[in-house]
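S.K.: Next up is a structure, given as structure tokens.
The values are calculated or read from the model by the stated rules, or taken from the named source; none is laboratory data. This is a predicted model, so every value here is computed, not measured. Ideal geometry is used to build each Cβ from the backbone, glycine not excepted, and the neighbour counts take in all protein chains shown.
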Ligand SMILES: [Zn+2]
């Protein structure tokens, strides 16, 4: 198993991170307010989420939710072999699928693929290239896309900033009949449901997991980096509706601040998860308490 895989227990549910990329660089172009000087002022970001020079550290990873009922992949990263405008993502070749299989999650064993939104780094492994054709990677899965989100991108088509994302990573699974368009409060499986977190994209959702009195929350891109807990007003250049995105961050941070809910960031570098706590007028991520219970044994699987 890759040393970058992390696993959390939430009641009877296991959540495993499968990492495609992790490191400094890349994020600052999306978060222009997060200059090195401003990032250095947020001392709790070091060492996990920022370097001592104030460079942001981020990650691209999928999160596999294993419940007693279903195996669910949340977000599918950039993917291999794709023509992309971002140089670091163009014609990528990683061992992502092998890493997933080594972690116990062969592609054919996945029941559900859930994309929090349809951006380039959340849909890539929806498909893989076989004999010059994009085919669904998770052949036995239903792919769940938000109806609002799908309609938005189906009307807009490929985003020239990133490449033929809709054409090579969304449309092929739709055409294969594997897609279910769902509402923003959809119950994905018992104990796993979506929650609307708009702003970054019109139909953006986050994922709430509840089991045996414990709770976890997968952010998607309602924020990209923990520095936005200190500054909820710091938006991403790719946020479609910037005021709505700021409002969503305030709403979510205030909802979970001081609670035991494990917040798992879709682009947070290791340790990737923690609890939100109030910090002056804003918030911070407490990664010391990154499991809902201090003693998260495997006694009740
Ligand atoms: Zn995004």
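S.K.: Just for segment 218-237: of the residues that are away from the ligand (no atom under 16 Å from the Cβ) and closer than 19 Å to residue 60 by Cβ, which one is surrounded by the most Cβ atoms within 10 Å (Cβ to Cβ)?
M.R.: This residue is 226.
S.K.: So, of the residues in segment 21-35 that are touching a strand residue (DSSP E or B) at 6+ places or on another chain (Cβ under 9 Å) and surrounded by fewer than 17 Cβ atoms within 10 Å (Cβ to Cβ), which turns out to be farthest from residue 287 (Cα to Cα)?
M.R.: 25
S.K.: With the condition kept exactly as written, say whether any residue in segment 243-258 is assigned to a strand (DSSP E or B), touching a residue at least 40 places away in the same chain (Cβ under 8 Å) and within 16 Å of the ligand (Cβ to nearest atom).
M.R.: Scanning segment 243-258 turns up no residue that is assigned to a strand (DSSP E or B), touching a residue at least 40 places away in the same chain (Cβ under 8 Å) and within 16 Å of the ligand (Cβ to nearest atom).
S.K.: Let me ask another. If you take just the helices (runs of 4 or more DSSP H) that sit entirely in segment 70-168, which of them hold at least 3 residues that are surrounded by 14 or more Cβ atoms within 10 Å (Cβ to Cβ) and within 16 Å of the ligand (Cβ to nearest atom)?
M.R.: Those helices (runs of 4 or more DSSP H) span 120-123, 147-156.
S.K.: Same structure, new question: For segment 262-272, state whether one or more residues are within 16 Å of the ligand (Cβ to nearest atom), crowded, with 24+ Cβ neighbours inside 10 Å and in a helix (DSSP H, G or I).
M.R.: No, every residue in segment 262-272 fails to be within 16 Å of the ligand (Cβ to nearest atom), crowded, with 24+ Cβ neighbours inside 10 Å and in a helix (DSSP H, G or I).
S.K.: Residues to consider are 210, 240, 183; find the one that is farther than 17 Å from residue 121 by Cβ, touching a helix residue (DSSP H, G or I) at 6+ places or on another chain (Cβ under 9 Å), surrounded by fewer than 21 Cβ atoms within 10 Å (Cβ to Cβ) and modelled with pLDDT of 95 or more.
M.R.: Step by step, each of 210, 240, 183 is checked, and only 183 is farther than 17 Å from residue 121 by Cβ, touching a helix residue (DSSP H, G or I) at 6+ places or on another chain (Cβ under 9 Å), surrounded by fewer than 21 Cβ atoms within 10 Å (Cβ to Cβ) and modelled with pLDDT of 95 or more.
S.K.: Further, regarding this structure: Just checking, does segment 56-79 include any residue being in contact (Cβ under 8 Å) with a residue 12 or more places away in the chain, touching a helix residue (DSSP H, G or I) at 6+ places or on another chain (Cβ under 8 Å) and over 30 Å from residue 142 (Cα atoms)?
M.R.: Within segment 56-79, one or more residues are in contact (Cβ under 8 Å) with a residue 12 or more places away in the chain, touching a helix residue (DSSP H, G or I) at 6+ places or on another chain (Cβ under 8 Å) and over 30 Å from residue 142 (Cα atoms).
S.K.: How do the pairs read when you match residues in segment 207-226 that are under 12 Å from residue 262 (Cα atoms) and outside any strand (DSSP E or B) with residues anywhere that are within 13 Å of the ligand (Cβ to nearest atom) and at pLDDT below 95, using Cβ under 7 Å and keeping only pairs 6 or more apart or on different chains?
M.R.: From segment 207-226, no pairs qualify.
S.K.: Right, another one. Does residue 44 qualify as being within 18 Å of residue 274 (Cα to Cα) and out of contact with any helix residue (DSSP H, G or I) (no Cβ under 9 Å at 6 or more places or on another chain)?
M.R.: Judged against the criteria, residue 44 is not a match.
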